[in-house]
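One structure below.
FYI, it's all coordinate maths here, none of it is from the lab. All of these numbers come straight from a predicted model, not from anything done at the bench. Note that each Cβ is placed from the backbone with ideal geometry, even for glycine, and that neighbours are counted across all protein chains shown.
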Amino acid sequence: MNFHVLTLFPEMIEQGLQTSITGRAMKNNTISLQTVNIRDYSENKHNQVDDYPYGGGAGMVMAPGPVYRAYKAVEEGIFARDDNSKDKKLRVIYLTPQGRVFNQAIAEELSKEEDLVFLCGHYEGIDERVLEMIVTDYVSIGDYVLTGGELPAMVMIDAIARLVPGVLNNDASAEFETFHDNLLEYPQYTRPETFMDKSVPKVLLSGHHGNVAKWRRQQSLIRTANIRPDLLEKAKLTKEDIKFLEEYNKSKK
Ligand code: ADE
């Protein structure tokens, strides 16, 4: 999987993703990261990339020219590497609070692409015309406003990269965790067995795999019911799960 980021702050993206698991995946060539500084494509003698908004109002708007040229340079690089990619529609993701809200299902869908281009805006946004020309997906990472698209791009790249085969050590771990099946994850414990008078739940020490699996499922159900009841509507529940939740809800009253 090849990530390409169009940004005014390439060092922020590189430093953010070069550590930990995404950093290791880049060293292994399981994923690659190309950052392109939009400012390098300014044709202005002061390297300016923004200008006043037509119609007035506060703030500055990123001009279409530098963004378009930076995108074309990325597209050319991808086409030069792989001639077949010309037939595929390149996904270009613009990070904006006006987009559809990012979630695990979108991460899974995007993790199947070979190349993803992220466009990070700043100031009051980017000239609408260039967005219409190059963007395929408008994505928000939540209902709050950040100073730019760099952190959202990093959030998305991290969530997508860990779904790429070979990025996590343990292949199983991407699958059986929070949001798989729309249930929150059960609590985890490690040594010591007793920490400041708090003991690990006895069932986890029993070595009885069936009972451990049942307890974990029930903990997932309880957590989801208490913290994210909206997820339960989408979760695939067994008859036993439904019965357990009914009894749990009764016991709470
Ligand atoms: N840019 C500014 N705020 C954002 C958000 N919440 N999601 C995506 N991009 C953004």
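Remarks
- Gained length - His180 relative to Tyr144, 0.36 nm times residue gap less alpha-carbon distance: 10.4 nm
- At full extension, Glu246 and Thr194 could sit 15.5 nm farther apart than now, given 0.36 nm per residue minus the alpha carbon distance.
- Applied to segment 52-63, the Karplus parametrisation 6.51 cos²θ - 1.76 cosθ + 1.60 on θ = phi - 60° returns per-residue 3J(HN,Hα) values of 5, x, 4, x, x, x, 6, x, 10, 10, 6, 6 Hz, with x for Gly and Pro.
- Remark: segment 194-206, residue by residue, has Karplus-estimated 3J(HN,Hα) of 10, 10, 6, 6, 9, 9, 6, x, 3, 4, 6, 9, 6 Hz, where x stands for each Gly or Pro and the curve is 6.51 cos²θ - 1.76 cosθ + 1.60 at θ = phi - 60°.
- Estimated from the Cβ-Cβ distance and a Förster radius of 30 angstrom, the FRET efficiency linking Ala58 and Met133 is about 0.70.
- Sequentially through segment 219-229, phi angles give Karplus couplings (6.51, -1.76, 1.60; θ = phi - 60°) of 5, 4, 5, 5, 4, 5, 4, 7, 9, 9, x Hz, Gly and Pro residues having no value and appearing as x.
- For the chain, built as a Gaussian network whose Cα springs stay under 10 Å, the top-fluctuating residue of Ala25, Ala63, Ala213: Ala213
- Length-normalised contact order for the chain - Cα pairs under 8 Å, 6+ apart - percent: 19 percent
- Lysines with Cα under 28 Å of Lys198, excluding same-chain neighbours fewer than 8 positions away: Lys214, Lys250, Lys252, Lys253
- Distant-in-sequence amide H partners of Asp115 (H built 1.01 Å from N, under 5 Å): Asn2
- Highest to lowest packing among 42-52, 139-149, scored as the average C-beta count within 10 Å: 139-149, 42-52
- Computed from the C-beta positions of Leu204 and Lys88, the FRET efficiency with R₀ = 41 Å rounds to 0.30.
- Once the Cα-Cα distance is subtracted from the 0.36 nm per residue extended length, the Gln18 to Gln219 segment shows a gain of 68.9 nm.
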